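First comes the structure, then the notes that go with it.
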Amino acid sequence: MRKAICPGSFDPVTNGHVDIIERSCKLFDRVTVLVLQNPDKNCVFTAEERVELLRVALRHIPNVDVDCFDGLLAEYARNVGACALVKGLRAVTDFEYEFQMALTNKKLNNELETLFMNTDETFMYLSSSVVRQVARLGGDISGFVPANVHDAILKKLKG
Ligand code: PNS
């Protein structure tokens, strides 16, 4: 059983994330989408809300589960026996940050490989922060996120 983790802050999950997760699920027997804390980000959605949004957005995929954790990713991976992390890469600007995290995680857990998956060209421009900004300014985000996330963002902004 080959297990992988798709880690991130997912604030919120976008169509670009869903694409990376769907493709990861074709390569591994089991994929856990893991909501983690990024110390550099103040999230709009709570970890529980982000998990619930992911669960609904991914319910068409049979071999995926969603979890959250507030410790070290490398430790979580060791505890669940995952052999790989899959991260989506949009452009070279993502690379330096992702490479640093990959090397750190490898130092912390030598059994853990990080695989970089290129983002589909359709989603090159897309990020959670773009989605939040467009939504805040009243733009249409229906092509950027799953339907349940679209509704949740509008509700959050009204609240
Ligand atoms: O989607 P993001 O915000 O780019 O994901 C970054 C994330 C959450 C994967 C990263 O911050 C993380 O792994 N946080 C958990 C804490 C940890 O393990 N830190 C050491 C890795 S450098």
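The values are calculated or read from the model by the stated rules, or taken from the named source; none is laboratory data. Since we're looking at a predicted model, the values are computed, not measured. Don't worry about glycine lacking a Cβ; one is built from the backbone with ideal geometry, like all the others, and counts go over all protein chains shown.
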The range 7-31, residues that are away from the ligand (no atom under 11 Å from the Cβ) and hydroxyl-bearing (Ser, Thr, Tyr): SER24
With the requirement that a residue be surrounded by 12 or more Cβ atoms within 10 Å (Cβ to Cβ) and not in a helix (DSSP H, G or I), what does the range 125-138 give you? TYR125, LEU126, SER127
Quick one: would you say ARG55 is in contact with a strand residue (DSSP E or B) (Cβ under 6 Å, 6 or more places away or on another chain) and among the charged types (D, E, K, R)? yes
Count of residues meeting criterion [surrounded by fewer than 13 Cβ atoms within 10 Å (Cβ to Cβ) and either near the ligand (Cβ under 10 Å from one of its atoms) or within 22 Å of VAL18 (Cα to Cα) (or both)] in the range 104-119: 2
(1) more than 17 Å from the chain's Cα centre (by Cα); (2) at pLDDT 95 or above all hold for GLU96 apart from (2)
Of the criteria (1) part of a helix (DSSP H, G or I); (2) within 11 Å of the ligand (Cβ to nearest atom); (3) surrounded by 14 or more Cβ atoms within 10 Å (Cβ to Cβ); (4) not small (Gly, Ala, Ser), which one ILE153 fails: (2)
Report yes if LEU34 is farther than 24 Å from THR122 by Cβ, in contact (Cβ under 8 Å) with a residue 40 or more places away in the chain and within 14 Å of the ligand (Cβ to nearest atom), otherwise no. yes
Name every residue in the range 52-103 that is over 20 Å from THR122 (Cβ atoms), within 15 Å of the ligand (Cβ to nearest atom) and in a strand (DSSP E or B), in order of residue number. VAL66, ASP67, CYS68, PHE69, ALA84, LEU85
Scan the range 111-119 and give yes if some residue there is within 20 Å of CYS6 (Cβ to Cβ), part of a loop (DSSP other than H, G, I, E, B) and not acidic (Asp, Glu), otherwise no. yes
